[in-house]
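These notes concern the structure reproduced below.
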C-alpha cells in the first residue's frame, strides 16, 4: 500500500485528489493538511511514500520550500508538486528541490492519475514549459529570461539600483531590459508591468 500525504489549502483540490486516488488501487490517503510547514512533522511520525504538494499553501507557506527540506531528510519520499499558478520560476525550483514530478491543476492535458502512476514507476514527469500567460497581450514566452528576472526583482520591491547590484549588472542594462519590456507591451510605466505580472500570477513575490 502506498501512503499518500496531500498538502493543499483548497477544499475543491483536495476532494479532486481524493477522488483520483480512490479510483486507483494500492493507494492509502494518510491525511490532508493545508499548511506545507506541517508536512515535515508528519513525515517524521508516519511512513509517507508520496506527497502531493501544492506550492501556495495556508499561512503563505511555500510547498517548494517544504519539499526541499523533506527531500534532504527523506530522499526516498516521492513528491509531486501541484499548482494552479503559472509562476514562471516554479518548475525550475521544483527540479532544484529534487521533486520527482510537477502537475498543473488548470493547464495541460495530462491527468493527475497518469502523473502519479508514472512517478511511482520511477519516471520524472514535468511540463515542457510554463503556461504561456500574457502580460498586456504579450505571451511571457516573448520575454527573455533576463527580462523576467529583472521584472521579478522589481516585484520583490527592489529599486532599479538595487536590482542592478543584486544581479551584478549595470544600471543601464537594467533600464534597457525595462525599456524593452515596456516597448513590447506598449506600456510607459514599470509599475504597470509589475502589477500586471502579479495579477496574472506570472510572478508571485512571496514564493
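Here, each number is a calculation from the coordinates, and none is a lab measurement. Predicted, not measured: the structure shown is a model, and the values here were computed from it. Here Cβ is always computed from backbone atoms with ideal geometry, including for glycine, and neighbour counts include all displayed protein chains.
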>> How would 126, 19, 207 line up from fewest to most surrounding beta-carbon atoms within 10 angstrom?
In response: 19, 126, 207
>> Neighbour counts of other C-beta atoms within 10 Å: give me 191, 169 arranged from fewest to most.
In response: 191, 169
> Please state the Cα pair-distance histogram of the stretch 2-120 with 5 angstrom bins from zero: what percent is in each bin?
Replying inline: 2, 12, 25, 27, 22, 10, 2, 0
> What residues from the stretch 20-53 fall in the zone where the backbone N is under 11 Å from a label point 7 Å along the Cα-to-C-beta line of residue 1?
Replying inline: 26-30
> What's the FRET efficiency of residue 192 with residue 107 using the Cβ-Cβ distance as r and R₀ = 30 Å, to the nearest 0.05?
Replying inline: 0.75
> Given the chain, what percent of its DSSP beta bridges are antiparallel, to the nearest 5?
Replying inline: 15 percent
>> Mean-square fluctuation check for the chain, GNM, Cα pairs under 10 Å: which of 81, 42, 70 is largest?
In response: 42
> Build a GNM of the chain with springs between Cα atoms under 10 Å: which of 52, 148, 167 gets the top mean-square fluctuation?
Replying inline: 167
> Computed from these coordinates, which is Kirkwood radius over Cα pairs in Å: (i) 18.2; (ii) 19.4; (iii) 18.8?
Replying inline: (i)
>> Taking 0.36 nm per residue of sequence separation and subtracting the Cα-Cα distance, how much length would be gained by fully extending the chain between residue 134 and residue 158, in nm to one decimal?
In response: 6.3 nm
> Residue separation times 0.36 nm, minus the C-alpha to C-alpha distance between residue 18 and residue 74: what's the value?
Replying inline: 17.8 nm
>> Only counting other Cβ atoms within 10 Å, I'd like 77, 6 sorted with the fewest neighbours first.
In response: 77, 6
>> Using helices alone, I'd like the mean residue ellipticity at 222 nm for the chain: each DSSP H run of four-plus residues gives -39500 (n - 2.57), total over residue count, nearest 500.
In response: -13000 deg cm²/dmol
> Taking the alpha carbon gyration tensor of the stretch 93-207, what are the square roots of 5 times its eigenvalues, largest first, to the nearest whole Å?
Replying inline: 32, 16, 11
